[in-house]
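Chemist: Mind looking over this structure? Questions follow.
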Amino acid sequence: MAFTRFFMLPVFSGLLLVSGFAQPKPSLSEISAYSFEIYKQLHQYPELGKKEFKTAALVRDELKTYGFTKFYEVDGLPTCVIAELDTRKEGPVIAFRAELDARPGKEKSGVAYASKIDSLVHSCGHDAHTSILLGVARLLNSRKQLLKGKIYFVFQPAEEVKGGADDIVNSGILKKLNIGSMYALHAASGLDVGKVTISPGYIMAGSNYFTIDIEGKGSHAATPYEGSNIPVVASKMVTTLSSIPALNMDISERPAVVSVTHLEAGKSGGLNVIPSQAVIRGTIRAYEQIDEPFNGRPSISDIIRDQLAPFCAIPGVKCNIDIRKGSPPTYNSPELFDHMVPKLIKTFQGSIDTTPHRGMFSEDFSYYTKGIPCLYFGLGIAKENLGHANVHSEEFSVHPDTFRYGIELFVRIAEVQ
Ligand SMILES: [Zn+2]
Ligand SMILES: [Zn+2]
């Protein structure tokens, strides 16, 4: 099949043959071109979280081609690839992380190397992160006599679905490898190519989820007074939920968003029937623990339950409110920021913007940031007509000049340790 033949070809050796630059120390521009070739392959053949078998095989094959021999497994996560670069000199133990997974969806980016897999697309830029990290691994391995300590390259499955980072953390592998600091970058839509953002402290919210099952008495549509009018009750609950942060919390002190993302009732489709059930699902983004009181005031979970209580107390209506915690907020270590960022500002050829910024997006890199000093960078991907559309949109794209800056950023981090 075309997929297997094209996808499994090690790009490293292929590119060397084509371009003929078989020098032991490839330049940054050669590595950037190589990285973009990898990206085009990954982009055309996206795979969902925990099913990134061909992507992981490509990553492993490429790493072996550069001379990597030591790999680590993570129990229950077969598509995870962790590779070791040991300089055999005393020094810090650091790790770089890139994600492997794509998302369900269509692609309307207009690029020639668009997804060839039906209903799957790399709309979060993880293919760019993986190709960049492969470029970094190749470049650093070719210059390891200039480095010290150990560097681990963590190619992580399943950022977009449950598991992934938390599985890796829970496996204990990072502790076993004695990793002292960890770094990641993410494609930042609309940020110019050559620009990087980084700020200390909390930068992204934690994500939490809720499911509310509502049940009551159905009725004929002509006699709503005989039943519980569950669609009406559910709609009022949606309005209440969506306005909780604005009306019930001091959002300048405790930023939070409650978004309903799924509302379902009347599955039978009958237009003369008022259904007896509805389901509301959604997400809570916040910087606090949603099940813990905040400065003596009720927790977000308690506020949600209190605000929904009147609806659930309507005679004949029963509610089941399930609130689950997801990934924690993402935290950039201020000490690591102070140690690394001034040195990066001096050496990185792009520009580094340290303006404090917080967003309500979330990211499973946060699981690493809970236990290890970490830095998470935004990487500019916008130039000309590419890189402007939001992540997760059908139009999402990454400009080819991005790769050079992503690779250089990580290489500098390794160099200035
Ligand atoms: Zn994403
Ligand atoms: Zn992402």
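The values are calculated or read from the model by the stated rules, or taken from the named source; none is laboratory data. It should be emphasised that the depicted structure is a prediction, and the values quoted were computed from it without experimental measurement. Positions of Cβ are backbone-derived with ideal geometry, glycine not excepted, and every protein chain shown enters the neighbour counts. The protein model used for the area step is the full one, side chains on, heavy atoms only, and it has no ligands, DNA or RNA in it. Shrake-Rupley method; radii C 1.70, N 1.55, O 1.52, S 1.80 Å.
Chemist: Please compute, for the alpha-carbon atoms of the chain, the extent along each of the three principal axes and give them in descending order in Å.
Modeler: So the three principal-axis extents are 81, 53, 42 Å.
Chemist: Something else: I want to make sure I understand the PRE zone here: with the label point 7 angstrom from the Cα of Asn390 toward its beta carbon, which residues in the stretch 183-207 have backbone N atoms less than 20 Å away?
Modeler: Residues 186-192, 203-207 fall inside that zone.
Chemist: Here is a follow-up. Report the equivalent ellipsoid semi-axes for the stretch 206-325 in whole Å, largest first, defined as the square roots of five times the eigenvalues of the gyration tensor built from alpha carbon atoms.
Modeler: Details: eigenvalues 183, 35, 24 Å².
The answer is 30, 13, 11 Å, longest axis first.
Chemist: On to the next question. Keeping the other protein chains in place, figure out the carbon and sulfur percent of the accessible area of the stretch 206-325, with a 1.4 Å probe.
Modeler: The computed percentage sits at 53.
Chemist: Considering the zone a paramagnetic label at Lys89 would reach in this model (a point 7 Å from Cα along the Cα-to-Cβ line), which residues of the stretch 133-152 have amide N under 19 Å from it?
Modeler: 137-152
Chemist: Expressed as a rounded percentage, what relative contact order does the chain have, with Cα pairs under 8 Å and six or more residues apart?
Modeler: Working: 893 pairs, mean separation 91.0, N = 417.
Computed over the chain, the figure is 22 percent.
Chemist: Only four residue types carry charge here, +1 at the Cβ of Lys and Arg and -1 at the Cβ of Asp and Glu. Report the dipole size of the chain about the Cα centre in Debye, rounded to the nearest 20. Walk me through the numbers before you get to the answer.
Modeler: Working: 43 positive and 44 negative charges, 176 e Å.
For this selection, approximately 840 debye.
Chemist: Starting from the Cα of Lys106, draw a straight line to each of the aspartates and glutamates and keep only those under 15 Å, dropping any in the same chain fewer than 8 residues away.
Modeler: Glu47, Asp118, Glu394, Glu395
Chemist: Rounded to the nearest 5, what % of DSSP beta bridges with both residues in the chain are antiparallel?
Modeler: Just about 65 percent of them are antiparallel.
Chemist: Where in the stretch 20-84 are there trypsin sites (Lys or Arg not before Pro) that are in a DSSP coil and have at most 14 other Cβ atoms within 10 angstrom of their Cβ?
Modeler: Working: sites: Lys40, Lys50, Lys51, Lys54, Arg60, Lys64, Lys70; in loops: Lys50, Lys51, Lys70.
Of the trypsin sites (Lys or Arg not before Pro), the ones in loops of the stretch 20-84 whose Cβ has at most 14 other Cβ atoms within 10 Å are Lys70.
Chemist: Now, a different point. Need the list of lysines near Lys144 for cross-linking: C-alpha distance under 16 angstrom, and skip anything on the same chain fewer than eight residues off.
Modeler: Result set, ordered by chain and number: Lys25, Lys64, Lys70, Lys89.
Chemist: Please tell me which of these pairs span more than 24 angstrom C-alpha to C-alpha: Lys148/Lys195; Lys40/Lys148; Lys148/Lys343?
Modeler: Working: Lys148/Lys195 27 Å; Lys40/Lys148 32 Å; Lys148/Lys343 17 Å.
Table pairs above 24 Å Cα-Cα are Lys148/Lys195; Lys40/Lys148.
Chemist: List the pairs from Lys54/Lys267; Lys116/Lys175; Lys108/Lys370; Lys236/Lys267 whose alpha-carbon separation is above 30 Å, in the order I gave them. Before the final figure, lay out each step's value.
Modeler: Values: Lys54/Lys267 38 Å; Lys116/Lys175 39 Å; Lys108/Lys370 37 Å; Lys236/Lys267 19 Å.
Over 30 Å apart, Cα to Cα: Lys54/Lys267; Lys116/Lys175; Lys108/Lys370.
Chemist: Further question: For the stretch 48-157, restrict the atom set to alpha-carbon positions and state the Rg and Dmax in Å.
Modeler: Radius of gyration, then largest Cα-Cα span, for the stretch 48-157: 15.3, 49 Å.
Chemist: If you don't mind, another one. In nanometres, what is the gap between the two model label sites at Thr261 and Asp353, each 7 Å from Cα along Cα-to-Cβ?
Modeler: Distance between the two pseudo-spin positions: 2.6 nm.
Chemist: In square angstrom, what is the accessible area per residue of the chain with a 1.4 angstrom probe?
Modeler: Details: 18500 Å² over 417 residues.
Result: 44 Å² per residue.
Chemist: Kindly provide the helix-only [θ] at 222 nm of the chain, computed as the sum of -39,500 (n - 2.57) over DSSP H runs of four or more divided by all residues, to the nearest 500 deg cm²/dmol? Could the numbers behind the result be given before it?
Modeler: On the way: 13 runs with 139 residues, N = 417.
Result for the chain, helices only: -10000 deg cm²/dmol.
Chemist: In degrees from 0 to 90, rounded to the nearest 10, what is the angle of the helix 300-312 Cα long axis to the longest principal axis of the chain?
Modeler: 30 degrees
Chemist: Would you compute the Debye intensity of the stretch 122-165 from its alpha-carbon atoms alone, equal scatterers and no solvent, and pass along log10 I(q)/I(0) at q = 0.16 Å⁻¹ to two decimals?
Modeler: Per q value, in the given order, log10 I(q)/I(0) is -0.54.
Chemist: If I take all pairs of Cα atoms in the stretch 335-392, what percentage of them are more than 17 Å from each other?
Modeler: Working: 923 of 1653 pairs.
Summing the P(r) of the stretch 335-392 above 17 Å gives 56 percent of all pairs.
Chemist: List the cysteines in the chain whose Cβ has no other cysteine Cβ under 4.7 Å from it.
Modeler: Cys80, Cys124, Cys374
Chemist: Roughly what angle does helix 126-142 make with the longest principal axis of the chain, taking Cα atoms, 0 to 90 degrees, to the nearest 10?
Modeler: 20 degrees
Chemist: Moving on to the next point. Express in Å², to the nearest 10, the accessible area of Leu146 obtained by rolling a 1.4 Å probe over the protein heavy atoms while all chains stay in place.
Modeler: Leu146 has an accessible surface of roughly 130 Å² with all protein chains in place.
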